[in-house]
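Written out below as structure tokens is the structure these notes cover.
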């Protein structure tokens, strides 16, 4: 394991992201049956998850650790599989995701 991933802060961040991701996936099948307040809670969890991902990506971007650089590239490749142009970088990707969440929030207000 590289120095970057040995950091207690990075490891704690990864564990937190993993737990949040598990919760989001677990809830996903139930969201259609949620009432308005439960849906808002789920969207808030999505926003919190996205913010924590931004922090993690920022840490990756600041590191020259080979494993961190590799992970960032693999994450960009994954985003590309979702139809995102990876040459635009993570800022544009996160803006797109924030827009999607905002759109979902707006449907709750209708």
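Once you put a point 7 Å from the Cα of residue 74 and another 7 Å from the Cα of residue 7, both along the Cβ direction, what distance in nm separates them?
Between residue 74 and residue 7, the simple spin-label model gives 1.8 nm.
Along its three principal axes, how long is region 29-80 when you only count alpha carbons? Whole Å, largest extent first please.
Sorted largest first, the three principal extents are 45, 19, 13 Å.
Grab the DSSP H runs of the chain that are 4 residues or longer, score each as -39,500 (n - 2.57), total them, divide by all residues and round the 222 nm result to the nearest 500 deg cm²/dmol. Write down the numbers at each step before the final one.
Numbers: 5 runs with 89 residues, N = 110.
My calculation for the chain gives -27500 deg cm²/dmol from helical runs alone.
Cα axis of helix 36-62 to longest principal axis of the chain: angle in degrees, 0 to 90, nearest 10?
Between helix and principal axis, roughly 10 degrees.
Tell me the angle of helix 66-81 to the major Cα principal axis of the chain, expressed in degrees between 0 and 90 and rounded to the nearest ten.
40 degrees
Just one of (i) 1.24; (ii) 1.05; (iii) 1.19 is Cα Rg over 2.2 N^0.38 Å calculated from these coordinates, so which is it?
(iii)
Efficiency by 1/(1 + (r/R0)^6): what FRET value for residue 26 and residue 64, r their Cβ-Cβ distance, R0 = 41 Å, to the nearest 0.05?
Details: r = 36 Å, r/R0 = 0.88.
About 0.70, to the nearest 0.05.
Please find, in a Gaussian network model of the chain (springs between Cα atoms separated by less than 10 Å), the residue of 29, 71, 20 whose mean-square fluctuation is greatest.
It is 29.
Computed from the coordinates by the stated procedures, all read-outs in this text should not be read as laboratory data. Owing to the predicted nature of the structure, the values given are computational and were not obtained by experimental measurement. Cβ coordinates were reconstructed from backbone atoms using ideal geometry, including for glycine residues, and neighbour counts include every protein chain displayed.
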